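K.L.:
Handing you a structure now.
The values are calculated or read from the model by the stated rules, or taken from the named source; none is laboratory data. These figures come from a predicted structure and were not determined experimentally. Cβ placement follows ideal geometry from the backbone for every residue including glycine, while neighbour counts extend to all protein chains displayed.
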Amino acid sequence: MSKFWSPIVHQLTPYVPGEQPKINDLLKLNTNENPYGPSPKVITALQAEAADTLRLYPDPNSDHLKSAIAQYHGLQSNQVFVGNGSDEVLAHVFQALFQHAQPLLFPDITYSFYPVYCRLYGIQSDTIPLNGDFEIDVDHFIRPNGGIIFPNPNAPTGIPLALSQIERLLKANQETVVVVDEAYVDFGTESAVQLIAQYPNLLVTHTLSKARSLAGLRVGYAVGHADLIEALIRVKDSFNSYPIDRFAEAGAVAAMRDVDYFQKTCAKVVQTRTWLVKALQDIGFIVLPSGANFIFARHPLRDGEWLTSQLRAQNIIVRHFKKPVRISPFLRITIGTDMESERLVTALKVIV
Ligand SMILES: Cc1ncc(COP(=O)(O)O)c(C=O)c1O
């Protein structure tokens, strides 16, 4: 606490990221990183960027990157916004599109950064409870609001929401912006990007941190109607003109273009997920259906916090949320390589 702080700082409850411990022989399954490295073409592009040109500022508009993203999704460049990780993109979304008289709506169990941005930007919000199966019930979002946001698949549950449900919501809610946070969509969930042409109030956010193995590079983006993108650009240009540095742009362009590598690594993660779900069910775990690169699982006879600490004693780190109480029995486990998943199952067999 300091007398020098702005009043708002006293009221903030910052987001707590999953830890990044420095321990040897660590099996890190807590922050949903990809177990496979980025495309070799990304590494080549980054090496080429380590040059004299670093004395120059990067392109403030990231034109090459916007064009690579637009091409990948079959959109125009003016339908794309890029930022320093999708967290930064989301921050701008909250400020540019959600500061209204009515409350923003998001699920009660969801990405815990959303309430943090609400506090930072003074946005009122109402949380909409997931149903008894931890699913988003679209009907409950159809009510007056200042905007709607949810991840698909949801985090930390991993449960996907059908595109038909998203379209139902969009049909019923045309006066405010609906943001679908597709951080994990490439691991088997249907993307809402195809609905952008029909719904000018739909914004879809993506990250290169998960499916494109680039959490260390910090690149995320949003796609939607050019008017929504313009709002984000106005906020960005009032905050930081150069959120995408020269390495980030070169690496992200190469990653977006290497579709073959991206599809192969995603397919491998999905294949390992199928194996892991079955292996955990065989030792008594209940696993929620996942369309993500992580699973949400509980054991009917074992406490979530206890399981997490037992795994930790074996240098295996998973993510546990004490709150809300409804999810405290669960572990959120990132899908690793086959060998890593086997190590996890071997450890859990002994623990349970
Ligand atoms: C649902 C969701 N959205 C967005 C992000 C942010 O990703 P990044 O800032 O790495 O792009 C995360 C990160 O874990 C996430 O889980």
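K.L.:
Only one residue in A252, A267, A222, A211 is modelled with pLDDT of 95 or more, at negative phi and out of contact with any helix residue (DSSP H, G or I) (no Cβ under 7 Å at 6 or more places or on another chain). Which one?
P.N.:
A267
K.L.:
While we're looking at this one, here's another question. Of (1) touching a residue at least 24 places away in the same chain (Cβ under 8 Å); (2) within 23 Å of T334 (Cβ to Cβ), V223 satisfies all except one. Which?
P.N.:
So the condition that V223 fails would be (2).
K.L.:
Just a yes or no: is a residue in region 274-286 farther than 30 Å from Q198 by Cβ, in a helix (DSSP H, G or I) and in contact with a Gly (Cβ under 9 Å, 6 or more places away or on another chain)?
P.N.:
There is at least one residue in region 274-286 that is farther than 30 Å from Q198 by Cβ, in a helix (DSSP H, G or I) and in contact with a Gly (Cβ under 9 Å, 6 or more places away or on another chain).
K.L.:
Quick one: would you say T189 is out of contact with any Leu (no Cβ under 6 Å at 6 or more places or on another chain), among the polar types (S, T, N, Q) and under 20 Å from C118 (Cα atoms)?
P.N.:
So T189 fails the test.
K.L.:
Considering only region 114-138, state which residues are within 18 Å of the chain's Cα centre (by Cα) and not aromatic (F, W, Y).
P.N.:
P115, V116, C118, E135, I136
K.L.:
Also: Would region 105-112 turn up any residue that is among the polar types (S, T, N, Q) and either touching a Cys at 6+ places or on another chain (Cβ under 6 Å) or surrounded by fewer than 17 Cβ atoms within 10 Å (Cβ to Cβ) (or both)?
P.N.:
Yes; the residues of region 105-112 include at least one that is among the polar types (S, T, N, Q) and either touching a Cys at 6+ places or on another chain (Cβ under 6 Å) or surrounded by fewer than 17 Cβ atoms within 10 Å (Cβ to Cβ) (or both).
K.L.:
Moving on to the next point. Quick one: is G284 modelled with pLDDT of 95 or more, within 29 Å of S39 (Cβ to Cβ) and either within 16 Å of the ligand (Cβ to nearest atom) or assigned by TED's automatic domain parsing to the domain that holds M339 (or both)?
P.N.:
no
K.L.:
So, in region 140-170, exactly how many residues are among the acidic types (D, E) and under 26 Å from Q99 (Cβ atoms)?
P.N.:
The total comes to 0.
K.L.:
Does V193 satisfy being within 20 Å of the chain's Cα centre (by Cα), within 20 Å of H92 (Cα to Cα), among the aliphatic types (A, V, I, L, M) and crowded, with 23+ Cβ neighbours inside 10 Å?
P.N.:
no
K.L.:
Limited to region 260-287, what total is found for residues that are over 17 Å from D338 (Cα atoms) and of a type in the set (A, V, I, L, M)?
P.N.:
Residues meeting the conditions: 3.
K.L.:
If you don't mind, there's one more thing I want to ask. Output the helices (runs of 4 or more DSSP H) that fall wholly within region 1-102 and possess 3 or more residues being within 18 Å of the chain's Cα centre (by Cα) and within 16 Å of the ligand (Cβ to nearest atom), or say none.
P.N.:
Here the list reads 85-97.
K.L.:
Would you pick out the residues in region 196-211 that are buried (at least 23 other Cβ atoms within 10 Å of the Cβ) and either closer than 20 Å to S77 by Cα or in contact with a strand residue (DSSP E or B) (Cβ under 6 Å, 6 or more places away or on another chain) (or both)?
P.N.:
Scanning region 196-211 gives L202, L203, V204, T205, H206, T207, L208.
K.L.:
If you don't mind, another one. Can you name every one of the strands (runs of 3 or more DSSP E) wholly within region 148-258 that holds 1 or more residues which are polar (S, T, N, Q) and either over 24 Å from F106 (Cα atoms) or within 15 Å of the ligand (Cβ to nearest atom) (or both)?
P.N.:
Per the criteria, 202-207.
K.L.:
Inside region 103-143, can you point out the residues that are of a type in the set (S, T, Y) and either within 15 Å of the ligand (Cβ to nearest atom) or not assigned by TED's automatic domain parsing to the domain that holds E182 (or both)?
P.N.:
Result: T110, Y111, S112, Y114, Y117.
Here is a yes/no grid of residues against (1) hydrophobic (A, V, I, L, M, F, W, C); (2) loosely packed, with under 14 Cβ neighbours inside 10 Å:
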position	(1), (2)
W5	yes, yes
P14	no, yes
N24	no, yes
L27	yes, no
Q47	no, yes
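K.L.:
Quick check on region 256-304: of everything there that is crowded, with 17+ Cβ neighbours inside 10 Å and of a type in the set (F, W, Y), which residue is farthest from R212 (Cα to Cα)?
P.N.:
Ranking the qualifying residues of region 256-304, first place goes to F285.
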